[in-house]
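Colleague: I'd like to ask some things about the structure below.
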Amino acid sequence: MAIVAELDHVAKVYGSGEAAVSALNDLCMQVRKGEYLAVMGTSGSGKSTAMNILGCLDRPSSGSYRLNGQAVEHLSDDALADLRNRELGFVFQQFHLLPELSAVENVMLPMAAQQGHTTPAMRERAMQLITDRKVIGKAVLLG
């Protein structure tokens with residue numbers, strides 16, 4: 001069977017320096033046409049990050065991703081949108097992250113909405129939630 005999706009040594013790091021959070025480290029996998037794949041793991045293990053990369057909603061920090069034989073990690077935003085439109089379908093589990101915000105900013109968003117502003121304490125709390133892996137899940141249909 002043909003390979004529909006292939007991740008080769010994919011890593012994803014959010015932030016930089018002391019605030020860097022490694023969400024994926026050296027993920028290698030192939031999905032063949034007609035296969036069903038269950039992505040399972042504990043909260044914070046990188047499931048959603050992997051699904052976001054598979055769904056072309058995010059790019060890996062390193063490694064490569066090929067969708068139906070096409071390398072996608074360096075495509076422009078418009079080319080990715082076109083690829084998603086033609087090749088992918090999404091079934092979301094619970095929530096949608098805002099791609100223009102960092103992981104920390106996405107976690108801070110409900111706090112900021114409630115308070116009407118952000119504070120350093122909110123940023124610290126968001127980082128703690130991410131570090132403690134209390135932030136969760138989704139599904140991507142390939143092919």
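Colleague: For segment 18-89, just say rounded, prolate or oblate: build the C-alpha gyration tensor, square-root its eigenvalues into a ≥ b ≥ c, call rounded for a/c under 1.5, and beyond that prolate if a/b exceeds b/c, oblate if not.
Modeller: It comes out oblate by the Cα gyration axes.
Colleague: Show 3, 130 ordered by accessible area, largest first, where the area counts protein heavy atoms only and the probe is 1.4 Å.
Modeller: 3, 130
Colleague: Suppose R0 equals 30 Å; then what is the FRET efficiency for residue 28 and residue 118 from their Cβ-Cβ distance, rounded to the nearest 0.05?
Modeller: Using R0 = 30 Å, I get an efficiency of 0.20.
Colleague: Moving on. Rg/Rh for the chain to two decimals, with Rh computed the Kirkwood way over all alpha-carbon pairs.
Modeller: Across the chain, the Cα-based Rg/Rh ratio is 0.99.
Colleague: Add -39500 (n - 2.57) for each DSSP H run of 4 or more in the chain, then divide by its residues: what number comes out at 222 nm, to the nearest 500 deg cm²/dmol?
Modeller: The helix-only estimate for the chain comes to -9500 deg cm²/dmol at 222 nm.
Colleague: Then there is this: Helix 77-87 against the longest principal axis of the chain: what's the angle in degrees, Cα atoms only, rounded to the nearest 10?
Modeller: Tilt of helix 77-87: around 50 degrees.
Colleague: If we count chymotrypsin sites (Phe, Trp or Tyr not before Pro) as exposed when they sit in a DSSP loop and have at most 15 other beta carbons within 10 Å, what is the longest stretch of the chain that avoids them all?
Modeller: In short, 37-91.
Colleague: Next up: If packing is taken as the average number of other Cβ atoms within 10 Å across a peptide's residues, how do 20-32, 45-57 rank, most packed first?
Modeller: Order by mean packing, descending: 45-57, 20-32.
Colleague: Might you tell me the accessible area per residue for the chain, computed with a 1.4 Å probe and given in Å²?
Modeller: Solvent-accessible surface per residue comes out at 63 Å².
Colleague: What do you get for the angle between helix 120-131 and the principal long axis of the chain? Use alpha-carbon atoms, 0 to 90 degrees, nearest ten.
Modeller: 40 degrees
Colleague: Where does helix 103-115 land angle-wise versus the long Cα axis of the chain, in degrees 0 to 90, nearest 10?
Modeller: Relative to the chain, helix 103-115 is tipped by roughly 40 degrees.
Colleague: To continue, here is another question. Within 10 Å of each candidate Cβ there may be at most 10 other Cβ atoms; applying that plus a DSSP loop requirement, which GluC sites (Glu not before Pro) in segment 1-110 survive?
Modeller: 100
The values are calculated or read from the model by the stated rules, or taken from the named source; none is laboratory data. Please read these numbers as outputs of a predicted model, since none were measured by experiment. As a convention, Cβ positions derive from the backbone with ideal geometry for all residues, glycine included, and neighbour counts pool all protein chains shown. Accessible surface is based on the protein model in full, side chains and every heavy atom, while ligands, DNA and RNA are left aside. Shrake-Rupley method; radii C 1.70, N 1.55, O 1.52, S 1.80 Å.
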